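One structure below.
The values are calculated or read from the model by the stated rules, or taken from the named source; none is laboratory data. This one's a predicted model, so the numbers in the text were calculated from it and none came from an experiment. In this analysis, Cβ positions are derived from the backbone assuming ideal geometry, glycine residues included, and neighbour counts consider all displayed protein chains. To get the accessible areas, we keep the full protein, side chains included, count just its heavy atoms, and leave off ligands, DNA and RNA. Shrake-Rupley method; radii C 1.70, N 1.55, O 1.52, S 1.80 Å.
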Amino acid sequence: NVTVSSGTATQLGIATQPVGGASGAVLSTQPVVAIRDAQGNTVTGDSSTQVTVSILSGAGGTLGGTTTVTASSGVATFTNVTLSGVVGTNYVLRFAASGLSSVDSGNVTVSSGTATQLGIATQPVGGASGAVLSTQPVIAIRDAQGNTVTGDSSTQVTVSIHSGAGGTLGGKIGRAHV
(Lines give C-alpha, C1' and ligand atoms only; values in the text may rest on other atoms or scores of the structure.)
Protein backbone atom coordinates (compact mmCIF):
# COMPACT_ATOMS: atom_id res chain seq x y z
CA ASN A 1 0.00 0.00 0.00
CA VAL A 2 1.13 3.49 -0.83
CA THR A 3 -0.21 6.37 1.21
CA VAL A 4 -0.18 9.84 -0.31
CA SER A 5 -0.52 12.93 1.84
CA SER A 6 -0.89 16.54 0.84
CA GLY A 7 2.22 18.58 0.12
CA THR A 8 3.17 22.07 1.19
CA ALA A 9 0.46 24.69 0.83
CA THR A 10 0.94 26.77 -2.34
CA GLN A 11 -2.47 28.10 -3.31
CA LEU A 12 -6.06 28.81 -2.40
CA GLY A 13 -9.05 27.19 -4.04
CA ILE A 14 -12.74 27.98 -3.76
CA ALA A 15 -14.65 25.03 -2.31
CA THR A 16 -17.97 26.93 -2.19
CA GLN A 17 -18.58 29.92 -4.47
CA PRO A 18 -20.17 32.97 -2.80
CA VAL A 19 -23.68 33.89 -3.92
CA GLY A 20 -25.08 37.40 -3.48
CA GLY A 21 -28.23 38.50 -1.75
CA ALA A 22 -29.88 41.78 -0.90
CA SER A 23 -27.47 44.70 -0.92
CA GLY A 24 -26.06 45.16 2.58
CA ALA A 25 -27.26 41.76 3.83
CA VAL A 26 -25.17 38.64 4.38
CA LEU A 27 -24.39 36.72 1.21
CA SER A 28 -27.00 34.02 0.63
CA THR A 29 -24.19 31.46 0.20
CA GLN A 30 -21.06 32.17 2.21
CA PRO A 31 -17.69 31.36 0.61
CA VAL A 32 -15.54 28.43 1.69
CA VAL A 33 -11.87 28.50 0.68
CA ALA A 34 -9.47 25.54 0.80
CA ILE A 35 -5.73 25.74 1.44
CA ARG A 36 -4.23 23.55 -1.31
CA ASP A 37 -0.91 22.09 -2.39
CA ALA A 38 0.50 22.28 -5.94
CA GLN A 39 -1.62 19.28 -7.00
CA GLY A 40 -4.85 20.78 -5.66
CA ASN A 41 -5.10 18.61 -2.53
CA THR A 42 -6.48 20.26 0.59
CA VAL A 43 -3.76 20.66 3.20
CA THR A 44 -5.82 19.31 6.11
CA GLY A 45 -3.04 19.91 8.64
CA ASP A 46 -3.28 23.68 8.16
CA SER A 47 -5.17 25.43 10.95
CA SER A 48 -3.27 28.70 11.02
CA THR A 49 -3.45 30.32 7.57
CA GLN A 50 -5.51 33.49 7.53
CA VAL A 51 -7.59 34.05 4.39
CA THR A 52 -8.87 37.55 3.55
CA VAL A 53 -11.64 38.43 1.11
CA SER A 54 -11.73 41.72 -0.82
CA ILE A 55 -13.52 43.12 -3.87
CA LEU A 56 -11.39 42.63 -6.98
CA SER A 57 -13.79 44.22 -9.46
CA GLY A 58 -17.20 45.88 -9.47
CA ALA A 59 -17.69 49.60 -8.90
CA GLY A 60 -19.31 50.96 -5.78
CA GLY A 61 -19.20 47.87 -3.61
CA THR A 62 -18.31 47.47 0.06
CA LEU A 63 -17.71 44.28 2.02
CA GLY A 64 -18.72 43.93 5.64
CA GLY A 65 -18.80 41.28 8.33
CA THR A 66 -15.75 39.17 9.11
CA THR A 67 -13.48 39.46 6.07
CA THR A 68 -10.47 37.56 7.47
CA VAL A 69 -10.90 33.96 8.62
CA THR A 70 -8.36 31.47 10.01
CA ALA A 71 -8.36 28.05 8.34
CA SER A 72 -9.38 24.96 10.28
CA SER A 73 -8.18 21.62 8.91
CA GLY A 74 -7.20 23.34 5.68
CA VAL A 75 -10.51 25.14 5.13
CA ALA A 76 -11.46 28.78 5.75
CA THR A 77 -15.21 29.05 6.19
CA PHE A 78 -16.72 32.54 6.06
CA THR A 79 -19.97 33.00 7.97
CA ASN A 80 -21.20 36.59 7.88
CA VAL A 81 -19.74 38.39 4.84
CA THR A 82 -21.98 41.16 3.50
CA LEU A 83 -21.82 42.93 0.15
CA SER A 84 -23.34 46.38 -0.28
CA GLY A 85 -23.41 47.46 -3.87
CA VAL A 86 -25.18 48.50 -7.01
CA VAL A 87 -27.86 46.21 -8.44
CA GLY A 88 -26.84 44.87 -11.84
CA THR A 89 -23.10 45.10 -11.15
CA ASN A 90 -20.99 41.95 -11.36
CA TYR A 91 -18.64 41.84 -8.38
CA VAL A 92 -15.64 39.50 -8.29
CA LEU A 93 -14.22 38.69 -4.87
CA ARG A 94 -10.55 37.87 -4.32
CA PHE A 95 -9.37 35.52 -1.59
CA ALA A 96 -5.76 35.95 -0.49
CA ALA A 97 -3.36 34.56 2.13
CA SER A 98 0.26 35.40 2.79
CA GLY A 99 2.64 33.28 0.71
CA LEU A 100 -0.11 31.50 -1.28
CA SER A 101 -1.53 32.11 -4.75
CA SER A 102 -4.85 33.95 -4.48
CA VAL A 103 -8.11 32.82 -6.07
CA ASP A 104 -11.03 34.83 -7.49
CA SER A 105 -14.73 34.07 -7.25
CA GLY A 106 -17.18 33.94 -10.09
CA ASN A 107 -19.54 36.90 -10.53
CA VAL A 108 -21.47 37.88 -7.42
CA THR A 109 -24.47 40.19 -7.79
CA VAL A 110 -26.77 41.88 -5.31
CA SER A 111 -30.45 42.61 -5.38
CA SER A 112 -32.03 45.71 -3.88
CA GLY A 113 -32.16 45.77 -0.11
CA THR A 114 -34.84 46.98 2.27
CA ALA A 115 -36.42 50.32 1.46
CA THR A 116 -34.86 53.09 3.57
CA GLN A 117 -35.23 56.32 1.61
CA LEU A 118 -36.86 58.25 -1.19
CA GLY A 119 -35.04 59.71 -4.14
CA ILE A 120 -36.13 62.08 -6.90
CA ALA A 121 -35.80 60.31 -10.23
CA THR A 122 -37.37 63.22 -12.17
CA GLN A 123 -37.39 66.77 -10.80
CA PRO A 124 -40.69 68.65 -11.16
CA VAL A 125 -40.79 71.66 -13.47
CA GLY A 126 -43.37 74.38 -12.88
CA GLY A 127 -45.94 75.80 -15.22
CA ALA A 128 -48.68 78.42 -15.14
CA SER A 129 -50.37 79.02 -11.79
CA GLY A 130 -53.17 76.49 -11.35
CA ALA A 131 -52.06 74.40 -14.35
CA VAL A 132 -50.46 70.98 -14.40
CA LEU A 133 -46.68 71.05 -13.84
CA SER A 134 -44.90 70.88 -17.19
CA THR A 135 -42.76 67.99 -15.86
CA GLN A 136 -44.30 65.76 -13.22
CA PRO A 137 -42.07 64.54 -10.38
CA VAL A 138 -41.06 60.86 -10.23
CA ILE A 139 -40.02 59.50 -6.85
CA ALA A 140 -38.02 56.29 -6.41
CA ILE A 141 -38.11 54.15 -3.29
CA ARG A 142 -34.49 53.19 -2.58
CA ASP A 143 -32.39 51.03 -0.28
CA ALA A 144 -29.48 52.31 1.83
CA GLN A 145 -27.11 52.07 -1.16
CA GLY A 146 -29.43 54.07 -3.47
CA ASN A 147 -30.75 51.07 -5.43
CA THR A 148 -34.39 51.35 -6.51
CA VAL A 149 -36.48 48.78 -4.63
CA THR A 150 -38.35 47.39 -7.63
CA GLY A 151 -40.49 44.98 -5.62
CA ASP A 152 -42.19 47.75 -3.59
CA SER A 153 -45.75 48.38 -4.77
CA SER A 154 -47.27 49.41 -1.47
CA THR A 155 -45.34 52.42 -0.13
CA GLN A 156 -47.42 55.58 -0.28
CA VAL A 157 -45.53 58.78 -1.11
CA THR A 158 -47.01 62.16 -0.24
CA VAL A 159 -46.01 65.52 -1.72
CA SER A 160 -46.25 68.84 0.07
CA ILE A 161 -44.95 72.37 -0.35
CA HIS A 162 -41.72 72.68 1.62
CA SER A 163 -40.84 76.34 1.10
CA GLY A 164 -42.13 79.48 -0.57
CA ALA A 165 -44.94 81.87 0.23
CA GLY A 166 -48.42 80.38 -0.07
CA GLY A 167 -49.46 78.01 -2.79
CA THR A 168 -51.74 75.02 -3.06
CA LEU A 169 -51.12 71.60 -4.54
CA GLY A 170 -53.79 69.75 -6.47
CA GLY A 171 -54.13 66.80 -8.76
CA LYS A 172 -53.60 63.08 -8.25
CA ILE A 173 -51.22 62.37 -5.40
CA GLY A 174 -49.98 58.98 -4.24
CA ARG A 175 -49.93 56.96 -7.49
CA ALA A 176 -47.46 54.05 -7.39
CA HIS A 177 -45.41 52.67 -10.27
CA VAL A 178 -42.77 50.01 -10.00
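Can you give me the accessible area per residue for the chain, using a 1.4 Å probe, in Å²? Using a 1.4 Å probe on heavy atoms only, each residue of the chain averages 58 Å².
Between the beta carbons of Gln117 and Ser73, assuming R0 = 45 Å, the FRET efficiency works out to 0.50 to the nearest 0.05. Working ranking of peptides 51-57, 123-129 by packing, defined as the average number of other Cβ atoms within 10 Å per residue, highest first, is 51-57, 123-129.
Surface composition of the stretch 45-108: carbon plus sulfur atoms hold 45% of the accessible area, using a 1.4 angstrom probe and ignoring ligands, DNA and RNA. Note: relative contact order over the stretch 105-147, using C-alpha pairs below 8 Å and six or more positions apart, is 46 percent.
With contacts taken as Cα pairs under 8 Å at a separation of at least 6 residues, the stretch 42-134 carries a relative contact order of 25 percent.
Each Cα pair under 8 Å and six or more residues apart adds its sequence gap; the mean of these over the residue count of the chain is a relative contact order of 18 percent.
With the cut-off at under 19 Å, measuring from each backbone N in the stretch 83-126 to a point 7 Å along the Cα-to-Cβ line of Gln50 picks out 94-103. Ellipsoid semi-axes for the stretch 5-109, based on the Cα gyration tensor and the rule √(5λ), read 26, 12, 10 Å when sorted largest first. Ordering 67-75, 26-34, 156-164 by mean Cβ neighbour count within 10 Å, with the highest value first, yields 26-34, 67-75, 156-164. Residue by residue, the stretch 67-81 carries 3J(HN,Hα) couplings of 9, 10, 10, 8, 5, 10, 6, x, 9, 9, 9, 7, 10, 9, 6 Hz when phi is fed to the Karplus relation 6.51 cos²θ - 1.76 cosθ + 1.60 (θ = phi - 60°); x denotes Gly or Pro. Measuring nothing but alpha carbons in the chain and taking Rh as the Kirkwood radius, the Rg to Rh ratio lands at 1.26.
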